[in-house]
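Notes follow once the structure below has been shown.
Rule-based calculations on the coordinates, nothing more; no lab input. This is a predicted model, so every value here is computed, not measured. Note: ideal-geometry Cβ built from the backbone for every residue, glycine included; neighbour counts use all protein chains shown.
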Amino acid sequence: MNRETIHSVVTRALASQPITDLHTHIYSPRFGASPQPAGLLLWGIDELVTYHYLIAEVYRVVPASVLPYEKFWAMSKAAQADHIWKHLFLERTPVSEACRGILTTIGKLGLDPGEKSLEKHRKWFATQDPDKHVDRVMEIANVDSITMTNAVFDDRERELWLSNSQLGGDPRFKAVLRIDPMLRNWPEAVRRLASWGFGVREDFSGKTVREAQRFLGEWLDRMRAIYVAVSLSPEFHFPDPGGAPSDRVLREILLPLLAERGLPFAMMIGSRLRVNPALADAGDMSGKADILAVANLCHEFPRNRFLVTMLARENQHELCVAARKFGNLLVFGCWWFLNNPSLIEEITRMRIELLGTSFVPQHSDARILEQLLYKWEHTRSILAKVLAEKYADLAATGWPLQPSDIQRDVRLYLRDTFHCFVRSK
């Protein structure tokens, strides 16, 4: 095949292959849908435009000295969206990736990206049924499964699980047990567990290990979770030189339980929370993390499987090299601040060169339902460019490349590598 044919085959394979999105913050409609006050499924034009990426961006051009943070948060969702739309889309050219993503999303839904007001879009979304809208978005994005993030220490979500035994029964969605406080704030986790009737102590004495494992086991069963996940700061180390409680949580509680159950542990490392607290979710930033911590975990716990993504660009090469040394480490996605075309392209090229097909190029990390549309549309375009180049280089060696080879590899990248890793025992 020549370069033109290769690019055509790659593009068709990417367009036709259903995607399993292995990490999102999207919920099934069974959790309630915005604009319900307690609805966890976020969707619609106002949620899209007020996403925290755009909140941070608008404060670059309308600073807090002009619009104080507390005044912005007191505004209605629609007023916030109108403010962002005015300053980032109408008074400036919407060239950032977050802005372009909104326009791609609007177009994929068959609406007019050039519409100057949000009112027509609001009226259209108001006519949609959330459950049917999920189906439509998944069909357009060609996503066959959405992996949720289910934070058991979030009171609102926890109560929903406890009050509805059918909450996790939507076949379109898979649950993931998110347990950040157990590794980031053990004293607070102990306080919460004790208040829920589990016999745990901060010093790990008594029945702490058994009771903490009972807590995790109950929630894994209740959610039918396919893996356990945490987001960790750049300062995470293993072993921790200061003897942090996270060492014992991992060694004595979490990893033995996951090995017994054959479930992976996902670590998203490098988020430094609330450097600007007034911006809420928009106030987080990234930091360079310790990859030796990942290597140490993979080495010390060979029966466990680790899904890892890291937030700092500076970590990506060393993480790839670590993955070459440990078969129980699966690198995935370009997370958060890395979810920009130039960085996705650079990182994906490097991963192909070092890891072949044994990684997952992307996850959407979407918090708003319709973000699936632009994130996967943009990702497919980048993957087509990178893969076509790599296959052309391979064909130039004389290797007999076939369309079926490309289709198989695309299936691995977008679906099967993750499924095989999760199901491994």
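In this rough spin-label picture, where each label sits 7 Å from Cα along the Cβ direction, the Arg303-Arg423 distance is 2.3 nm.
Would you please put 39-47, 63-71, 322-330 in order of how densely packed they are, using the mean number of other Cβ atoms within 10 angstrom per residue and starting with the highest? Present the calculation step by step, with values, prior to reporting the outcome.
Numbers: 39-47: 22.0, 63-71: 11.3, 322-330: 17.6.
Answer by packing, highest mean first, reads 39-47, 322-330, 63-71.
Between Ser16 and Arg251, the FRET efficiency from the beta-carbon distance, with R0 = 30 Å, is close to 0.10.
Sorted ascending by nearby beta carbons within 10 Å, beginning with the fewest, Asp221, Asp405, Asp180 become Asp221, Asp405, Asp180. Cross-link partners for Lys116 among the aspartates and glutamates, with Cα-Cα distance under 15 Å and sequence neighbours closer than 8 places in the same chain left out: Asp46, Asp82, Glu91.
Kindly put Ile269, Ile368 in sequence by how many other C-beta atoms sit within 10 Å of each C-beta, fewest to most. Before the final figure, lay out the partial values.
Working: Ile269 27, Ile368 23.
Ranking Ile269, Ile368 by Cβ neighbours within 10 Å, fewest first, gives Ile368, Ile269.
Calculate, in nm to one decimal, what Val275 and Val321 gain on full extension: separation in residues at 0.36 nm each, minus their alpha carbon distance.
Numbers: separation 46, 0.36 × 46 = 16.56 nm, distance 3.04 nm.
Gain on extension, Val275 to Val321, equals 13.5 nm.
When the helices in the chain are scored as -39500 (n - 2.57) per DSSP H run of 4 or longer and the sum is shared across all residues, what 222 nm value do you end up with, to the nearest 500 deg cm²/dmol? Don't skip to the end; give the middle numbers.
Details: 20 runs with 202 residues, N = 425.
Using -39500 (n - 2.57) per qualifying helix, the result is -14000 deg cm²/dmol.
Cβ-to-Cβ counts within 10 Å put Ser246, Ser205, Ser364, Ser145 in ascending order as Ser205, Ser145, Ser246, Ser364, the fewest first.
Return the subset of Lys71/Lys288; Lys174/Lys375; Lys77/Lys108; Lys132/Lys375; Lys71/Lys108 for which the Cα-Cα distance in this structure is over 29 Å, preserving the input order. Please report the intermediate quantities before stating the final value.
Values: Lys71/Lys288 34 Å; Lys174/Lys375 19 Å; Lys77/Lys108 23 Å; Lys132/Lys375 20 Å; Lys71/Lys108 33 Å.
Violating the 29 Å limit, Cα to Cα: Lys71/Lys288; Lys71/Lys108.
Computed from the C-beta positions of Ala74 and His237, the FRET efficiency with R₀ = 45 Å rounds to 0.65. Once Cα extents along the principal axes in Å is worked out from the coordinates, which option in (1) 64, 51, 40; (2) 63, 63, 42; (3) 79, 53, 44 does it equal? The value computed from this structure is option (2). Note on Leu355 and Leu162: the model spin-label points, each 7 Å out from Cα along the C-beta direction, lie 3.8 nm apart.
Please work out the FRET efficiency for the pair Leu292 and Asp405, using the Cβ-Cβ distance as r and a Förster radius of 35 Å; give the result to the nearest 0.05. Each step should come with its number before you reach the end.
Numbers: r = 36 Å, r/R0 = 1.03.
After rounding, the FRET efficiency stands at 0.45.
Under the convention that each Lys and Arg Cβ holds +1 and each Asp and Glu Cβ holds -1, the size of the dipole of the range 267-330 around its Cα centre is about 180 debye. Among the chymotrypsin sites (Phe, Trp or Tyr not before Pro) in the range 170-265, those placed in a DSSP loop whose Cβ has at most 13 other Cβ atoms within 10 Å are Trp196.
Computed from point charges on the beta carbon alone (+1 for Lys and Arg, -1 for Asp and Glu), the dipole magnitude for the chain about its Cα centre is near 500 Debye.
Could you work out Rg/(2.2 N^0.38 Å) for the range 35-128, with Rg from alpha carbons only?
On the way: Rg = 13.1 Å, N = 94, 2.2 N^0.38 = 12.4 Å.
For the range 35-128, the normalised Cα radius of gyration comes out at 1.06.
How compact is the range 227-302 by the rule of thumb for globular proteins, expressed as Cα Rg over 2.2 N^0.38 Å?
Numbers: Rg = 13.9 Å, N = 76, 2.2 N^0.38 = 11.4 Å.
Normalised by 2.2 N^0.38 Å, the Cα Rg of the range 227-302 equals 1.22.
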